[in-house]
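These notes are about the structure you will find just below.
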Ligand code: FPP
């Protein structure tokens, strides 16, 4: 297929990943390198999130999942957590208009009931307002943890067993998938982690069973459209066998 890259040139590739996941890491180090507070790094990261989201949509990516706040991020200093909450609020408000223009549907992965009521209201508004959009699905993983995702699914299945609606032997991979936050969506084909760290950090651990990982030695605020092009190129060179030969 022809893939139109950031510079406007085209390149022949075999396939475009349907679902890309990004662990937006390195905001704090980006700020430190510049002698700025960590919150300045998050702000730069949020700006880049907007740029890369629009670019992913423009090249035909169908699902993009970004890790914005993990279930473990609450342990950060209170000042950093509250700065992040403020940032989420202002970006959701601003970015919404942008995303609507781009026909992007926004969904949230994670237990959003832990956020303050104002942010929760905004989250529901964004989901509702964009529900009719037919372009790229943007999943914002917020208060998300892969282990929590599995627990959340299994707990609902246990309730069904308790109510006599299903038998324990009915529980299979499809059933667990049905109650994950990503219900109805394909598993990520490609997971990208900037910042040089090479781990999943509890991101989509169930869904990533056969994902291709690409790590970049670039901090998230510096991650460019060209880096996404490069990740897609690397993905295309991989030989996916899904356990077969
Ligand atoms: C990890 O970098 C980044 C985060 C915990 C926050 C990510 C959030 C954003 C990029 C804002 C996105 C905004 C919206 C609305 C989705 P780090 O702080 O762990 O960096 P470090 O490892 O260099 O310290």
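The figures follow:
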{"read-out": "Residue that is farther than 27 Å from residue 13 by Cβ and without any contact (Cβ under 8 Å) to a residue 24 or more places away in the chain, where the choices are 241, 155, 147", "value": "155"}
{"read-out": "The stretch 202-222, residues that are within 16 Å of the ligand (Cβ to nearest atom), more than 13 Å from the chain's Cα centre (by Cα) and either buried (at least 21 other Cβ atoms within 10 Å of the Cβ) or in a loop (DSSP other than H, G, I, E, B) (or both)", "value": "216, 217, 218, 219, 220, 221"}
{"read-out": "Among the candidates 108, 69, 99, residue that is in a helix (DSSP H, G or I), within 13 Å of the ligand (Cβ to nearest atom) and touching a strand residue (DSSP E or B) at 6+ places or on another chain (Cβ under 9 Å)", "value": "99"}
{"read-out": "Selected residue [over 21 Å from residue 19 (Cα atoms) and within 15 Å of the ligand (Cβ to nearest atom)] from 80, 127", "value": "80"}
{"read-out": "From 234, 176, 171, residue being away from the ligand (no atom under 16 Å from the Cβ), farther than 12 Å from residue 21 by Cβ and in contact with a strand residue (DSSP E or B) (Cβ under 6 Å, 6 or more places away or on another chain)", "value": "234"}
{"read-out": "Qualifying strands (runs of 3 or more DSSP E) (wholly inside the stretch 1-58; at least 2 residues being in contact with a strand residue (DSSP E or B) (Cβ under 7 Å, 6 or more places away or on another chain) and modelled with pLDDT of 95 or more)", "value": "19-23"}
{"read-out": "Test result for residue 44, within 12 Å of the ligand (Cβ to nearest atom), farther than 26 Å from residue 137 by Cβ and surrounded by 15 or more Cβ atoms within 10 Å (Cβ to Cβ)", "value": "no"}
{"read-out": "Qualifying positions in the stretch 131-145 - away from the ligand (no atom under 16 Å from the Cβ) and farther than 16 Å from residue 50 by Cβ", "value": "131, 132, 133, 134"}
{"read-out": "Filter result (away from the ligand (no atom under 12 Å from the Cβ), touching a helix residue (DSSP H, G or I) at 6+ places or on another chain (Cβ under 8 Å) and in a loop (DSSP other than H, G, I, E, B)) within the stretch 191-201", "value": "200"}
{"read-out": "Members of the stretch 223-245 found to be part of a helix (DSSP H, G or I) and either surrounded by 14 or more Cβ atoms within 10 Å (Cβ to Cβ) or touching a helix residue (DSSP H, G or I) at 6+ places or on another chain (Cβ under 6 Å) (or both), listed by number", "value": "225, 227, 228, 229, 230, 231, 232, 233, 234, 235, 236"}
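Residues checked against (1) touching a helix residue (DSSP H, G or I) at 6+ places or on another chain (Cβ under 7 Å); (2) more than 8 Å from the ligand (Cβ to nearest atom); (3) touching a residue at least 24 places away in the same chain (Cβ under 8 Å); (4) under 25 Å from residue 139 (Cα atoms):
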{"position": "8", "(1), (2), (3), (4)": "no, yes, no, no"}
{"position": "12", "(1), (2), (3), (4)": "no, yes, no, no"}
{"position": "20", "(1), (2), (3), (4)": "yes, yes, yes, yes"}
{"position": "25", "(1), (2), (3), (4)": "yes, no, yes, yes"}
{"position": "30", "(1), (2), (3), (4)": "yes, no, yes, yes"}
{"position": "35", "(1), (2), (3), (4)": "no, yes, no, no"}
{"position": "38", "(1), (2), (3), (4)": "yes, no, yes, yes"}
{"position": "55", "(1), (2), (3), (4)": "yes, yes, yes, yes"}
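The values are calculated or read from the model by the stated rules, or taken from the named source; none is laboratory data. Computed from a predicted structure; not experimentally measured. Note: ideal-geometry Cβ built from the backbone for every residue, glycine included; neighbour counts use all protein chains shown.
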